[in-house]
Amino acid sequence: MHLLTSPRFLKDLLSRHGFNFSKSLGQNFLIDENILNKIIKGAEITKEDNVLEIGPGVGTLTAALARHAAQVVAVEIDSALLPILDETLQGLTNVRVVHGDILKLDLDDLVRNSFDNKPFKVVANLPYYITTPIIMRFLEEDLPYMSITVMIQREVAERMAAKPGSKDYGALSVAVQFYTRPKIICKVPAGVFMPPPKVDSIVINLEKRSSPAVDVADTTRFFKVVKAVFAQRRKTLLNTLNAANITDLEKEGLSRLLISLGIDPQRRGETLSLEELAAISNNI
Ligand code: SAM
């Protein structure tokens with residue numbers, strides 16, 4: 001058994017270092033070896049892989065990653081965890097801990113210095129308060145990541161993987177599915193963390209697409225359309241687009257355009273597939 005997943009060992013380690021959990025930094029440490037293995041397997045880590053870990057905590061996932069990967073760079077914001085990581089990662093020569101805030105770090109710089117701009121995989125048991133901003137950062141910035149495998153709140157994972165017409169489908173689903181192929185690896189109950197969070201979690205794998213899922217002439221316009229369509233879910237597509245200020249077309253013209261694209265103007269925006277959203281943004 002991996003020592004760091006033993007609650008008794010972890011408690012002793014933390015109390016020896018006088019460590020206090022910070023709720024605001026999302027510090028819920030994994031204490032389940034089975035889930036640890038599922039993350040590594042879901043991320044398909046091999047000895048060739050460079051891995052970027054966000055928030056190593058006491059190094060439980062970090063140490064497991066180091067045993068399977070070529071190299072691991074782990075970014076941790078909390079300086080109180082650094083001496084603990086020194087101890088738990090001792091002897092693992094392919095791990096580097098970087099002290100910093102993943103939301104503020106220059107990721108281009110980090111990737112250049114750490115991986116020589118070569119492809120890398122992101123793996124993390126994410127602090128939940130930064131789930132959406134950090135994932136959007138990876139999706140939108142031109143970084144050579146191959147996949148993102150993360151443990152996140154169940155609801156957010158379900159939104160990422162949701163299909164058109166379902167209650168969870170929204171702007172986040174479209175953004176994630178535009179750039180990646182999301183795959184849910186496993187559900188994770190709150191009891192596998194110390195301390196347990198208030199929500200259940202899911203491990204999700206987002207495999208980067210070599211090109212976006214649909215052809216769009218202008219990515220900014222595409223996401224403007226997406227934002228408009230999901231901003232007012234109860235309105236018809238025609239009314240939302242008409243109110244959104246993204247086209248010079250009058251309502252009549254807009255209606256004719258939608259019909260010419262084979263899209264009923266009376267539909268709700270949340271039923272539109274990525275292909276239909278792309279057709280609207282390319283022709284509006
Ligand atoms: N990886 C460990 C595990 O699985 O047990 C810890 C996961 S814990 C959910 C989240 C970790 O992210 C904590 O160690 C926390 O201090 C760190 N963290 C929180 N905000 C961060 C940020 N903005 N940048 C880097 N690390 C952060």
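Structure above, values below:
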read-out: Residue in region 97-110 that is more than 9 Å from the ligand (Cβ to nearest atom), buried (at least 21 other Cβ atoms within 10 Å of the Cβ) and outside any loop (DSSP other than H, G, I, E, B) present; value: no
read-out: Hey, residue 227 under 27 Å from residue 180 (Cβ atoms) and either among the basic types (Lys, Arg) or touching a Lys or Arg at 6+ places or on another chain (Cβ under 6 Å) (or both) or not; value: yes
read-out: Search result, residues across region 16-40 that are over 12 Å from residue 58 (Cβ atoms) and surrounded by fewer than 14 Cβ atoms within 10 Å (Cβ to Cβ); value: 18, 20, 22, 23, 24, 34, 37
read-out: All positions within region 37-57 that are in a loop (DSSP other than H, G, I, E, B) and more than 8 Å from the ligand (Cβ to nearest atom); value: 43, 44, 45, 46, 47, 48, 49
read-out: Test for residue 215: is it surrounded by fewer than 19 Cβ atoms within 10 Å (Cβ to Cβ), farther than 20 Å from residue 56 by Cα and in contact (Cβ under 8 Å) with a residue 60 or more places away in the chain; value: yes
read-out: Every pair of residues 6+ apart whose Cβ atoms lie under 6 Å, when the first sits in region 1-30 and is assigned by TED's automatic domain parsing to the domain that holds residue 76 while the second is near the ligand (Cβ under 8 Å from one of its atoms) and among the small types (Gly, Ala, Ser); value: 29/57
read-out: Within region 2-36, considering residues that are outside any loop (DSSP other than H, G, I, E, B) and among the basic types (Lys, Arg), the one farthest from the ligand (Cβ to nearest atom); value: 16
read-out: Identity of the residue in region 132-158, under 18 Å from residue 211 (Cα atoms) and of a type in the set (Ser, Thr, Tyr), that ends up surrounded by the most Cβ atoms within 10 Å (Cβ to Cβ); value: 147
read-out: Of all residues in region 41-69 being among the small types (Gly, Ala, Ser) and in contact with an Asp or Glu (Cβ under 7 Å, 6 or more places away or on another chain), the one that is most open to solvent (accessible area, probe 1.4 Å); value: 55
read-out: Some residue of region 70-91 being among the β-branched types (Val, Ile, Thr), within 10 Å of the ligand (Cβ to nearest atom), assigned by TED's automatic domain parsing to the domain that holds residue 114 and open to solvent by 60 Å² or more (accessible area, probe 1.4 Å); value: yes
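The values are calculated or read from the model by the stated rules, or taken from the named source; none is laboratory data. Predicted model only: the values in this text are computed from it and were never measured. Ideal geometry is used to build each Cβ from the backbone, glycine not excepted, and the neighbour counts take in all protein chains shown. Accessible surface areas use protein heavy atoms only, side chains included; no ligands, DNA or RNA. Shrake-Rupley method; radii C 1.70, N 1.55, O 1.52, S 1.80 Å.
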